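First the structure, in the form of structure tokens, and then the observations on it.
The values are calculated or read from the model by the stated rules, or taken from the named source; none is laboratory data. Here the structure is a predicted model, which is why all the values come from computation and not from measurement. Cβ placement follows ideal geometry from the backbone for every residue including glycine, while neighbour counts extend to all protein chains displayed.
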């Protein structure tokens, strides 16, 4: 996978900076036990999907997100699979 993206607080202000591009996104929230995945998906329009996720359904408190742009459908599928697999691997 390309360089790991930083986590951003899941706010309207930060989502407004996301491009109208195809890609993969993660939304997680922080608890006393650590980071918990809330949503992971691929979409033809990152900005539109993340804007929707801000309100429907309402995300957990203390949510963060990150995203990866992808040019080709194969890239999106590969990125999504890599991110999904990273949640199945034990923490190091």
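Numerical summary
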item: Number of the exception - residue 18 against (1) assigned to a loop (DSSP other than H, G, I, E, B); (2) modelled with pLDDT under 95; result: (2)
item: Residue within segment 5-13 that is exposed (fewer than 14 other Cβ atoms within 10 Å of the Cβ), under 22 Å from residue 78 (Cβ atoms), out of contact with any helix residue (DSSP H, G or I) (no Cβ under 6 Å at 6 or more places or on another chain) and touching a residue at least 60 places away in the same chain (Cβ under 8 Å) present; result: yes
item: Subset tally (residues that are in contact with a helix residue (DSSP H, G or I) (Cβ under 9 Å, 6 or more places away or on another chain), surrounded by fewer than 13 Cβ atoms within 10 Å (Cβ to Cβ) and free of Cβ contacts under 8 Å to residues at least 24 places away in the same chain) for segment 18-54; result: 1
